[in-house]
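Working notes for the structure below.
The values are calculated or read from the model by the stated rules, or taken from the named source; none is laboratory data. Because the structure is predicted, anything quoted here is derived from the model rather than measured. In this analysis, Cβ positions are derived from the backbone assuming ideal geometry, glycine residues included, and neighbour counts consider all displayed protein chains.
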Amino acid sequence: MIRVVLAEDNNFLAQSLQERIGLFEGIKLKYRARDGKDLLEKIAKDSLVDIILMDIEMPEMDGIEATERIKKDHPQIRIIMLTVFDDDQKIFDSILAGADGYLLKDETPAKLEEGIRMILEGGAPMSATIAAKVLRLMRIPADKRSPAEVPEFNLSERETQILEQICKGLNYNQISGNLVISPATVRKHIENVYRKLQVHNKAEAIQTAMRHRLV
């Protein structure tokens with residue numbers, strides 16, 4: 001059973017999401033928090049959670065700050081930002097805070113279920129418009145940093161292609177199909193990317209790629 005927590009202050013939206021989650025086989029909503037502060041208090045009492053569906057705009061404490069705090073104490077919990085916002089700064093801040101995925105609230109129930117299952121398989125689910133914005137953000141020149149401040153990761157051309165696919169939220173099999181290489185080869189390239197970036201998972205790889213404009 002996949003254990004899901006919902007952080008949403010809007011009662012109407014929360015009810016809608018709860019009804020959708022109730023339709024998914026093998027997925028259970030453990031509890032709902034009304035804001036970031038409420039979420040931290042509930043996580044402190046019960047952290048046996050697999051995934052948090054996190055709203056961004058909430059009173060008391062927003063979803064970005066709540067994500068950053070939860071990831072420090074409970075890095076094993078996957079967090080999907082679930083929001084109506086798709087502006088660049090919120091996307092950037094959410095991913096740097098440690099978000100593992102980013103879906104818009106108007107996604108279909110099928111897309112939401114797919115995102116929940118994908119994230120536990122090592123994917124980084126993102127709505128199509130969000131993935132496009134993430135890639136565009138990472139292509140903005142980091143002209144405010146001097147060359148000495150930008151680490152030399154020495155990614156090969158193929159490793160850069162792999163990193164770009166990761167940043168689109170794709171899993172091993174999807175990357176394999178897109179680049180016409182075996183899943184085993186994809187896995188090896190990803191291991192090399194992680195080693196060179198000094199990260200441990202896809203979310204950290206995306207954060208590093210965004211921070212240093214690597215793709």
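With the requirement that a residue be small (Gly, Ala, Ser) and either out of contact with any helix residue (DSSP H, G or I) (no Cβ under 7 Å at 6 or more places or on another chain) or within 14 Å of ILE206 (Cβ to Cβ) (or both), what does region 165-191 give you? Don't jump to the end; show me each part of the working.
Step one: filter region 165-191 for residues small (Gly, Ala, Ser), giving 169, 176-177, 182, 184.
Of everything in region 165-191, those that are small (Gly, Ala, Ser) and either out of contact with any helix residue (DSSP H, G or I) (no Cβ under 7 Å at 6 or more places or on another chain) or within 14 Å of ILE206 (Cβ to Cβ) (or both) turn out to be GLY169, GLY177, ALA184.
Quick one: which residue in ALA44, ALA66 is of a type in the set (A, V, I, L, M) and in contact with a helix residue (DSSP H, G or I) (Cβ under 8 Å, 6 or more places away or on another chain)?
Details: ALA44 fails: in contact with a helix residue (DSSP H, G or I) (Cβ under 8 Å, 6 or more places away or on another chain).
It is ALA66.
Listed conditions (1) β-branched (Val, Ile, Thr); (2) out of contact with any Asp or Glu (no Cβ under 6 Å at 6 or more places or on another chain); (3) over 16 Å from LEU120 (Cβ atoms); (4) free of Cβ contacts under 8 Å to residues at least 60 places away in the same chain are all met by ILE77, apart from (3).
The number of residues in region 51-67 being touching a Lys or Arg at 6+ places or on another chain (Cβ under 8 Å) and either free of Cβ contacts under 8 Å to residues at least 40 places away in the same chain or not assigned by TED's automatic domain parsing to the domain that holds MET118 (or both) comes to 4. With respect to LYS168, determine if the residue is surrounded by 15 or more Cβ atoms within 10 Å (Cβ to Cβ) and in contact (Cβ under 8 Å) with a residue 60 or more places away in the chain. Spelling it out, it is not the case that LYS168 is surrounded by 15 or more Cβ atoms within 10 Å (Cβ to Cβ) and in contact (Cβ under 8 Å) with a residue 60 or more places away in the chain.
Name the helices (runs of 4 or more DSSP H) wholly inside region 58-151 in which the number of residues that are modelled with pLDDT under 80, of a type in the set (Val, Ile, Thr) and crowded, with 17+ Cβ neighbours inside 10 Å is 1 or more.
On the way: elements: 63-73, 88-97, 109-120, 128-138.
Of the helices (runs of 4 or more DSSP H) lying wholly inside region 58-151, those with at least 1 residues that are modelled with pLDDT under 80, of a type in the set (Val, Ile, Thr) and crowded, with 17+ Cβ neighbours inside 10 Å span 128-138.
Do the conditions hold for ASP38, that is, is it modelled with pLDDT under 90, among the charged types (D, E, K, R) and assigned to a helix (DSSP H, G or I)? No, not satisfied.
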